[in-house]
């Protein structure tokens, strides 16, 4: 009997590593998907009175830019981590992508605060104050960070099996 299972040992190890690298978000996955959708809609809206997201991303080196560097970093990080990495993590259910998304969204929310503050403090003759789209995008990124946090903290990176509380549960 022992010899029969030893032939499958490497396959069992491969399957165990694959399953250990996945996360289960449960009902939270719908909240995360909703936050990503709200973020996409917010990024399609104007970020300032005169600049939409694509002009914020496209005009990094303009002399007459009415968007500050923290605002540009916020929009870039929100697009990369809030939309792309979060969508990949939800589709592929990989724990490492969820960690990257949580950390990137946290950094993006910090730059969103700095971006809001710096846009309000700019001294130019052009209209530059943040609009509703920027505030909505910032709130969506903060919500994504707060929703990814319990998913990431639900297991440690060294877990290879179920938690001990699950092993001793009554059935």
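Structure notes:
- The stretch between residue 40 and residue 139 holds 34.4 nm of extra length on full extension. This uses 0.36 nm per residue minus the Cα-Cα distance.
- Estimated distance in nm for a label pair at residue 120 and residue 15, the labels positioned 7 Å out from Cα along Cα-to-Cβ: 5.6
- Potential extension, residue 154-residue 76 segment - 0.36 nm per residue separation minus Cα distance: 25.3 nm
- Where labels lie 7 Å past Cα in the beta-carbon direction, separation of residue 87 and residue 146 in nm: 2.5
Read the figures in this text as sums done on the coordinates, not as results from a lab. Treat the numbers as computed from the prediction; the structure is a model and nothing was measured. Quick reminder, even Gly has a Cβ in these numbers, built from the backbone with ideal geometry, and neighbours come from all protein chains shown.
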